[in-house]
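Please treat every number below as a calculation from the coordinates, not as lab data. Just so it is clear, the structure is predicted and the values come from calculations on it, not from any experiment. Here the Cβ is made from the backbone with ideal geometry for all residues, glycine too, and neighbour counts use every protein chain on show.
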């Protein structure tokens, strides 16, 4: 009997319906099974049932935020850890660092092209758990270096004036 390969399941946690629809369309068109919810509370309820391979997570939602979902995932010790791709309008580097430190493997700022998100999802799902952890640490290191350069530039500006 020929076995049909199972599709990777992606949970989209996003409070903007238009973004949900676009992401679902592009991911389904690229062979993924998707389920979309509008807030963190719905995400926490559906994760055990839907059993996603990856979560695309907005951070600013009510009544339960994406930050709360990251905390819930970390404290419930899912094994292996469920990879999270944060997709957020929060562009501040310290917020990005916090998202990665809270457990996100990747952090993408809005707006971005859906094709980029699909490619990042593919990449993350192709990695082993160890490789995902290395990617997460590499992203944190990149942001730390940028923050350090910005701090140094700010200090130099203080001497100029």
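Summary of computed values
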| read-out | value |
| --- | --- |
| The chain: angle of helix 129-160 to the longest principal axis, Cα-based, in degrees nearest 10 | 20 degrees |
| Extension reserve of the residue 131-residue 6 stretch, reckoned as 0.36 nm per residue once the Cα distance is removed | 42.8 nm |
| Descending principal axes extents, region 9-160, alpha-carbon based, whole Å | 57, 33, 30 |
| Protection proxy ranking of 7-16, 57-66 - average other beta-carbon atoms within 10 Å, highest first | 7-16, 57-66 |
| Within a Gaussian network of the chain (alpha carbon springs, distance under 10 Å), most fluctuating of 69, 121, 91 | 91 |
| Length gained when the stretch residue 28-residue 112 is fully extended (0.36 nm per residue, less Cα-Cα span) | 28.4 nm |
| Cα-based helix-to-principal-axis angle, 40-50 vs the chain, degrees rounded to 10 | 40 degrees |
